[in-house]
Amino acid sequence: MELNELKEVWTALDNRLKRNEELKESIILEMMKSKAGKLVNRFITMEIFSAIFSLLAIPFCMFLNDRYGGSNWAQDTIVISGMPILFLNSFWCIYKIHGLMKFDLSKNVRHNVRYINRYNIQIKREKIASCIIAPVIGIVAILGYASMKVTLSRWALLICALIAATLYCYWLFRKYEKNIASILVSLDEIRELKEG
């Protein structure tokens, strides 16, 4: 009799342990899905703000060109070339948003990995473009300041602005890389849990 009771207790404990493991796996799965989903939503929000900012900056550039146009060739060059860059950037952001909106955790993991890798490639292309465009804008601004013969305080302001913009871009791209890597790790863990 004691042996049968011991077997029943052992079976009950074994079943409870299996249910606990399944519960832990489902909790971990939901946490990974939530983490990946939040990061993707954060990317979408940042891209929406970037597209809106780019579109709103175009009329501001037009205002600057109407108000101060012709006073300095460097300023005119930056403002006039900035308008098509801002216009293209807004469409680029909308294109990235379109790709991120296809991210769906109810579909298979390979589908989501493909769209995150595509977004990662887009961010790398953006980094390359900004590494080309930003120095050109900086050089034009420096040459424009030199032609205007501005005071030392304005030179200090320009140098601080260029350094701050460079550091901000560096920080932003590092944050993108870190979050994309985190999403890919979460998707990999989701795949392992589903296969296991």
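We did not get these values from a lab; they are worked out from the coordinates using the rules stated. Predicted model only: the values in this text are computed from it and were never measured. Note that each Cβ is placed from the backbone with ideal geometry, even for glycine, and that neighbours are counted across all protein chains shown.
On a 0 to 90° scale, report how tilted helix 2-68 is relative to the longest principal axis of the chain, with both axes built from alpha carbons and the result rounded to the nearest 10. So the helix axis and the longest Cα principal axis differ by about 10 degrees.
Computed over the range 2-195, relative contact order equals 31 percent, with contacts defined as Cα pairs under 8 Å that lie 6+ residues apart. Remark: the chain carries a charge dipole of roughly 660 debye about the Cα centre, counting +1 on each Lys and Arg Cβ and -1 on each Asp and Glu Cβ. Residues in the range 175-183 carry Karplus couplings, in order, of 5, 4, 4, 5, 5, 5, 4, 5, 5 Hz; the curve used is 6.51 cos²θ - 1.76 cosθ + 1.60 with θ = phi - 60°, and Gly or Pro positions show x. As a proxy for reagent exposure, ranking Ser81, Ser54, Ser71, Ser34 by other Cβ atoms within 10 Å from fewest up yields Ser71, Ser34, Ser81, Ser54.
Filter the GluC sites (Glu not before Pro) in the range 8-54 to those in DSSP coil with at most 10 other Cβ atoms within 10 Å of their Cβ, and list the result. Counting only loop positions with at most 10 other Cβ atoms within 10 Å, none of the GluC sites (Glu not before Pro) in the range 8-54 qualifies. Beyond 30 Å in Cα-Cα separation lie the following of the pairs Lys18/Lys175; Lys24/Lys107; Lys149/Lys175; Lys38/Lys127; Lys18/Lys102: Lys18/Lys175; Lys149/Lys175; Lys18/Lys102. The share of C-alpha pairs in the range 112-196 whose separation exceeds 16 Å stands at 65 percent. Fewest-first ordering of Met32, Met46 by other beta carbons within 10 Å of each residue's beta carbon gives Met46, Met32.
Of the residues Val185, Val140, Val9, the one with the fewest other Cβ atoms within 10 Å heads the list, and the complete ranking is Val9, Val185, Val140.
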